[in-house]
Amino acid sequence: MLPGRGACGVTEALLGLENISVRFPVRRGVFRRPASLQAVSEVSFALAPGEILGLVGESGSGKTTIGLCALGLAEPTSGRVLFRSEDIAFLSRGALAKFRRAAQPIFQDPYASLDPRMSVGEIIAEPLAIHRLAPTRAARRARVAALMEEVGLAPALARRLPHQLSGGQRQRVGIARALASDPVLLVADEPVSALDVSIAAQVTNLLIALQRRRHLAMILIAHDLALVGYAADRVIVLYLGRIMEIAPARRIFAAPRHPYTQALLAAIPEGGGRRILLEGDIPSPLAPPSGCVFRTRCRYAEEACAAERPALRELAAGHFAACRRAEDPVVREMR
């Protein structure tokens, strides 16, 4: 069973990733010898309709790569991406077009993701034309105006170019564009990291309101565990391309079971609990540590941690952790 399928309370997930691994060919060293960068390693989870699933971890943890795989924009080296139980790698042209309409991205940079030569109205109308959702110009104009109002933009801004808008307004344009095709799945990759704190809070609340109103499934990618915990129903904690812990958001905050999750929580300002400092740097994905990839920075690492990769075990209903000592009371009290 994919982690999350039972916890979601559904027998049929909207999206499922099964043992996804992604390797990128690179060249390293003076002689530029070919090598392989392990971006994602054997990641599995299921996403229910209407659920917000948070992916959190430091830079280089594989969050964005997983999001691209979920959208079909990156091809896994091994494993499968299932959308409504169908492997997206083998969809027909017509079925793939329907999937593209149903699964939409929201990008991190609200300026770089918008064509500077197109007006706001043209940007939002583009999916309507591609998917033939508004047959006439008048219908497209009306639909664009409705979408702009839905995301909190005045329809009068439709004639402006992206550089004439603020960062928060540009991100709202990106959200409106994503909603234009009436998707059932959004993948939001660091959607507020480029915004000021107050604007970021507004955009976060907008995303939550839209998700609830439209009953959207959403993968929310962020490095900020506090943000993900606020918005998400469940949280996946990633480290060096591997899942460390999966649990309902409330449980992640109340009873984290992996030392890495506990360290992330302890780093949240005014988050309570004792601060835990992670020693050393994240290992290179070109040469990840044997066994548990977190062991080089874990204060509880033992020799056995280097010998065997810990399995993702269900410790409580819907709560999984990949740590051989996750049930150890000393580790559990580490937070």
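The values are calculated or read from the model by the stated rules, or taken from the named source; none is laboratory data. Nothing here was measured: the structure is a model prediction, and the numbers come from that model. Cβ sites come from the backbone with ideal geometry, for glycine too, and all protein chains shown count toward neighbours.
Here is the figure for the stretch 274-315: residues that are out of contact with any Lys or Arg (no Cβ under 9 Å at 6 or more places or on another chain) and of a type in the set (S, T, Y) total 2. Counting only helices (runs of 4 or more DSSP H) that sit wholly inside the stretch 55-154, those with at least 1 residues that are buried (at least 21 other Cβ atoms within 10 Å of the Cβ) and in contact (Cβ under 8 Å) with a residue 24 or more places away in the chain are 63-71, 120-130, 137-150. Figure legend. Inter-residue proximity from the stretch 251-271: first residues within 16 Å of L238 (Cα to Cα), second residues modelled with pLDDT of 90 or more and acidic (D, E), beta-carbon distance below 8 Å, spacing 6+ or different chains. Indicated pairs: I252/E245; P256/E245; R257/E245; H258/E245; Y260/E245; T261/E245. L220 passes all but one of (1) surrounded by 22 or more Cβ atoms within 10 Å (Cβ to Cβ); (2) touching a Gly at 6+ places or on another chain (Cβ under 7 Å); (3) within 22 Å of E122 (Cβ to Cβ); (4) not charged (D, E, K, R); which number fails? Going through (1) surrounded by 22 or more Cβ atoms within 10 Å (Cβ to Cβ); (2) touching a Gly at 6+ places or on another chain (Cβ under 7 Å); (3) within 22 Å of E122 (Cβ to Cβ); (4) not charged (D, E, K, R) one by one, L220 breaks only (3). I'd like to know if the stretch 50-70 contains one or more residues that are farther than 19 Å from V235 by Cα and of a type in the set (G, A, S). The answer is no; no qualifying residue exists. Every listed requirement among (1) on the phi < 0 side of the Ramachandran plot; (2) touching a Lys or Arg at 6+ places or on another chain (Cβ under 7 Å) is met by A201 save one, (2).
For every residue, the table says whether it meets (1) assigned to a helix (DSSP H, G or I); (2) over 25 Å from T65 (Cα atoms); (3) modelled with pLDDT of 90 or more.
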| position | (1), (2), (3) |
| --- | --- |
| M218 | no, no, yes |
| I221 | no, no, yes |
| E245 | no, no, yes |
| R251 | yes, yes, yes |
| T261 | yes, no, yes |
| E270 | no, yes, no |
| L277 | no, yes, no |
| G280 | no, no, no |
| P283 | no, no, no |
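On the given criteria, is A200 more than 21 Å from G54 (Cβ to Cβ) and free of Cβ contacts under 8 Å to residues at least 40 places away in the same chain? Explain how you work it out, then say what you get.
Working: more than 21 Å from G54 (Cβ to Cβ): no; free of Cβ contacts under 8 Å to residues at least 40 places away in the same chain: yes.
No: the conditions fail for A200.
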